[in-house]
Amino acid sequence: MRQKTVEAQFLHRRQALRWIVGGIGLASVGSVLAPAVASLLSPVYRHRRLPDWRAVGPIDEFAVGGMHKAVVNLDDDPRLRTVAARGVYVWRRQDGEVVVYSRACTDLGCPVRWDPGSEWFFCPCHGGIFDKEGRPVAGPPPRPLYRYHTRIRDGLLQVDVHSVPPMA
Amino acid sequence: MLAEWKTWFEDRFGLEPIKRHFLYRRVPKTSWYQGDGSALLLLLGVLVVTGMFMAATYSPAPDSAYDSVRHLTEQQFLGWYIRGLHYWCGGLMMVMVLFHLLRLILVAGYKFPHEGTWLVGVILLVLVVINGYIGYVLRWDERAIYALRISLNMFWNVPWIGEHLVVFVQGGSQLGMQTFTRLYAVHVVFVPLLLLGLAGYHLYLVVLHGVTSKAERRRPIRTPQQQELIYDAAKKSERYGEQFHPTTTAQTGTMAFVVFLIALVLTLTVGPGDLQPEANLVEPSMPRGEWYFWWYSALIALLPSRVAPAFMVVFPLAVLAALVLLPFLDRGEYRGWRMRPAAVALVIGIVVGMLYLTDLRRRSPWTGWPQNEPPPVPRGIELASGAEQGRHLFAVYGCNSCHAVSGAGPQVGPDLAWIEHRMSAQELQAYILEPPAGIPMPGFRDRMPRQDLDRVVEFVLAAQTFPYEQNRGQ
């Protein structure tokens with residue numbers, strides 16, 4: 001009888017010890033991994049799409065009716081030169097409205113190219129084609145071309161670079 | 001004396017158990033194709049080693065990455081060799097991992113007791129694909145930046161958390177420094193460490209549970225006990241078994257060496273993957289992913305716009321889910337391909353489909369693109385002056401951005417030397433001014449003067465007499 005109790009106690013103790021070792025081990029792993037993952041995720045919490053107006057160029061440089069290529073600089077840091085400069089298409093319509101298209105195809109982001117002959121945009125990757133209004137006319141793109149919000153300040157055409165998705 | 005030293009060394013460094021349980025163990029007879037695993041291991045080794053040395057030169061920042069790759073390739077002594085080996089071993093890794101996967105589907109290598117080995121293998125597959133992708137993004141040429149953008153756009157399609165995923169991967173609200181360091185860390189630290197660890201575990205499971213032997217493929221196997229009996233009998237038998245080293249290793253090592261030789265020859269002849277202009281989001285570009293992703297690119301191009309966004313999310317997850325569930329769904333009692341026609345059909349379908357799609361991507365008949373030159377006139381054909389003017393207008397109005405003539409040019413619209421339904425001049429004019437609804441062609445009603453229209457039509461009518469076969473497929 002007494003023998004059994006001792007054994008049970010021993011088993012109980014061993015079971016407890018197993019829990020303690022496992023628990024402390026897991027807690028240690030967690031105390032390293034959880035903050036590391038949270039830290040890696042931090043850009044997601046910081047992300048806000050607040051308006052960020054950047055100059056495209058003097059509005060007079062874009063003749064009415066034509067589709068013009070232009071470059072918007074998202075960041076002046078020279079270290080970001082390969083990613084900060086964005087090609088866009090500026091179209092000043094007859095009625096005075098200014099349309100600025102992102103070059104990112106709405107399918108998977110390849111750079112669409114304006115064809116002045118057919119007056120269509122062609123995507124070089126998966127066959128997306130858009131008309132002058134930015135509407136998809138062929139291929140897989142499900143949405144019209146992304147349009148930046150625009151405004152004119154002191155004769156300068158500006159776009160809100162956060163008015164299109166973050167990868168456009 | 002020497003023998004004594006050897007015994008001492010093997011004892012103190014614990015080599016004896018390795019020899020007994022690993023090197024000199026009995027295994028069922030091996031076929032040449034079972035060397036695909038060794039080939040993968042060798043490729044992984046070469047990738048790790050060449051990768052380490054490349055990391056010593058590479059600069060993971062958007063303003064210097066491209067230059068460092070160029071420096072490595074063009075200036076550093078034998079840098080091209082290191083990068084060439086890394087490039088080709090990476091490409092062959094994608095091929096061999098697919099070979100390995102399809103072979104195991106053919107022989108039902110996921111059935112008991114191999115479920116764990118299989119599932120670890122699925123994780124390895126995911127890791128290999130991730131690194132195969134990031135690998136060419138780090139090159140930071142135009143192809144790279146658009147490959148990155150393509151993956152970000154795929155994440156964008158994920159419901160609810162799409163934008164968060166995009167920001168997470170690019171490390172901020174815009175592409176930047178963070179994007180680069182993240183991709184670099186994943187490519188050279190996260191994935192390789194996991195790959196090495198899990199590949200070791202995968203191998204341990206292969207040694208522990210064995211592989212699908214030939215004997216198991218000859219008869220139905222209903223229980224794990226039955227499998228164990230058959231496997232043990234095969235490995236112990238004189239006729240169906242062999243010693244792992246050096247008999248099996250010679251077989252599997254041969255395949256591994258041949259695969260490595262292919263990488264070596266490609267490195268010495270073709271050299272490392274070509275560098276397009278430095279990454280930028282300004283210039284017109286015709287980016288094209290690495291050849292091992294072309295099949296997927298073609299698949300995406302064929303999608304109707306209704307399903308495209310859902311497909312990008314559902315397809316990879318569905319493939320992953322199918323691979324994970326395969327061992328639990330396929331409860332058939334046969335292994336090997338002879339008694340499993342469905343597996344054979346699936347594998348043949350996948351291989352043929354991928355090759356077909358890869359070739360389709362090479363031709364990319366869906367891509368319209370502005371052409372600088374008007375379509376060429378086939379030799380021996382003289383155009384009337386009106387048609388000749390029409391030929392130039394054909395380019396001015398961007399007709400040849402979509403229409404090939406006699407095989408030359410993009411093939412989005414019908415080749416005008418081969419229109420099945422021949423139209424009269426009047427019909428053609430009406431068609432060009434106002435294409436029927438549902439036909440993806442711009443109408444020229446407001447912007448093509450009458451005389452231009454006449455000339456273009458004249459050319460189109462002349463083009464219909466051109467021989468079609470010439471210059472076919474650009």
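Couple of notes before you dig in:
- Considering only alpha-carbon pairs that sit under 8 angstrom and 6 or more positions apart, the relative contact order computed for the range B:16-175 is 18 percent.
- Highest mobility in the GNM of chain A, judged by mean-square fluctuation with C-alpha springs under 10 Å and restricted to A:Ala84, A:Ala36, A:Ala70, is found for A:Ala36.
- C-alpha center-to-center spacing [the range B:370-409, the range B:126-177] in angstrom: 40 Å
- Top positive-direction residue, dipole computed over the protein assembly as shown with Cβ charges, set B:Trp80, B:Ala425, A:Leu33: A:Leu33
- Computed from the Cβ-Cβ distance with R0 of 22 Å, the FRET efficiency linking B:His21 to B:Glu238 stands at 0.55.
- Residue-span extension gain [B:Arg363 to B:Ala437] - 0.36 nm each, minus C-alpha spacing: 23.9 nm
- Long-range HN-HN contacts of A:His149 with modeled amide H, under 5 Å: A:Asp160, A:Ser163
- Label-point gap, in nm, between B:Phe190 and B:His71 - each point 7 angstrom along Cα→Cβ: 2.7 nm
- Stretchable slack from B:Val307 to B:Val396, in nm (0.36 nm times residue separation minus alpha-carbon distance): 28.6 nm
- The simple spin-label model puts a point 7 Å past each Cα toward its Cβ; for A:Ala38 and B:Leu383 those points are separated by 7.0 nm.
- Sites B:Tyr356 and B:Glu10 - FRET efficiency at Förster radius 60 Å, r taken between beta-carbons, to 0.05: 0.65
- Scaled to the globular estimate 2.2 N^0.38 Å, the Cα spread of the protein assembly as shown, given as radius of gyration, is 1.19.
- Extending 7 Å from the Cα toward the beta-carbon at both B:Ser424 and B:Arg445 defines two label points whose distance is 2.2 nm.
- Size descriptor, Kirkwood hydrodynamic radius, that averages inverse alpha-carbon separations across the range A:51-95, Å: 11.7 Å
- Distance histogram in 20 Å bins (all Cα pairs of chain B, percent per bin): 19, 42, 30, 8, 1, 0
- Every Cα-Cα pair of the range B:1-66 was included, and the share exceeding 16 Å stands at 73 percent.
- Taking Cα centre as origin and charging only the Cβ of basic (Lys, Arg, +1) and acidic (Asp, Glu, -1) residues, the dipole magnitude of the protein assembly as shown rounds to 2960 debye.
- Of A:Lys69/A:Lys132; B:Lys19/B:Lys111; B:Lys19/B:Lys214; B:Lys6/B:Lys236; B:Lys111/B:Lys235, pairs whose Cα-Cα distance is over 22 Å: B:Lys19/B:Lys111; B:Lys19/B:Lys214; B:Lys6/B:Lys236
Bear in mind these aren't lab numbers, they're just calculated from the coordinates by the rules spelled out. Predicted model only: the values in this text are computed from it and were never measured. Here Cβ is always computed from backbone atoms with ideal geometry, including for glycine, and neighbour counts include all displayed protein chains.
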